[in-house]
Amino acid sequence: MSRVLSLIAAGLITLVISLVGAALIAPLFGESVPLLDIAENAVSRARVGRRGVPPININIPERASTQILWASDLGLGNVEESADLEEGPGSIDSGLVVLRELRATIPQLEVVYEVLVASRPRIAVRNLRGKLGQFSGRAGTITIDMEVVEESNFVVAMVLAHEGQHALDNHQGRLGLDERSCYNAEARAFDLSIFIWQSLWGMQGKPNNVSKIEASFNRMASIRHEDPLGYVERLVDLYGDACA
């Protein structure tokens with residue numbers, strides 16, 4: 001009996017986390033997020049391989065009432081691949097050159113690029129042990145992982161843009177301490193970096209000779225483009241602990 005109760009509790013916890021995440025962020029396409037679908041998916045995952053677990057009552061009344069509109073701060077659609085940039089060795093400066101050249105393709109990148117240039121003396125390269133980049137609002141510093149810089153200028157540019165968006169949000173006072181601010185900050189940063197990746201490689205991502213980091217970029221770009229609901233869930237999975 002206690003095992004059954006534990007399994008039910010685990011399922012309910014998964015459901016609550018998914019609902020909270022969906023209420024905090026939505027795919028940045030100006031579309032709505034069906035919370036009922038997220039709830040059903042979460043419960044389905046909790047039931048997999050668990051015999052004898054009684055059904056869990058989701059208790060959400062009407063589908064129409066579970067739609068939450070969340071407009072994108074970036075509001076970008078599909079982007080065209082840039083034919084003028086060439087892949088080359090990675091470094092902080094080579095990554096900044098890529099971002100400078102992409103400003104015409106992605107206008108929202110202009111102010112992020114300016115923040116990065118102003119922050120250049122406070123951009124460091126260190127071993128982050130699993131993280132690609134990190135922004136410290138208290139110190140005003142950006143740190144890029146050593147493995148990122150060992151890759152191409154395109155990879156460095158994407159990570160710089162992600163952390164640069166955080167720096168911009170911090171400057172504009174949008175990095176609050178609540179969960180909603182946290183999730184939306186990560187969504188903005190991911191969205192901008194994904195558009196940069198697509199402007200470099202097209203909507204399908206990098207086609208061949210893909211590194212582990214590049215494969216993760218391809219995967220997130222694909223999820224965002226083809227599975228908006230999965231994009232929300234992926235961000236919640238990635239930042240659930242940090243934003244909580």
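Rule-based calculations on the coordinates, nothing more; no lab input. Worth saying up front: this structure is predicted, and the values here are computed from it rather than measured. FYI the Cβ positions are ideal-geometry reconstructions off the backbone, even for glycines, and counts take in every protein chain you see.
Descriptive notes on the structure:
- 3J(HN,Hα) from dihedral phi, the range 127-138, Karplus parametrisation 6.51/-1.76/1.60, rounded to Hz, x for glycine, proline: 7, 8, 6, x, 8, 7, x, 7, 10, 10, x, 5
- Ranked Leu96, Leu160, criterion: other C-beta atoms within 10 Å, fewest first: Leu96, Leu160
- Overall form of the range 92-243 per C-alpha gyration tensor (a/c, 1.5; a/b vs b/c): rounded
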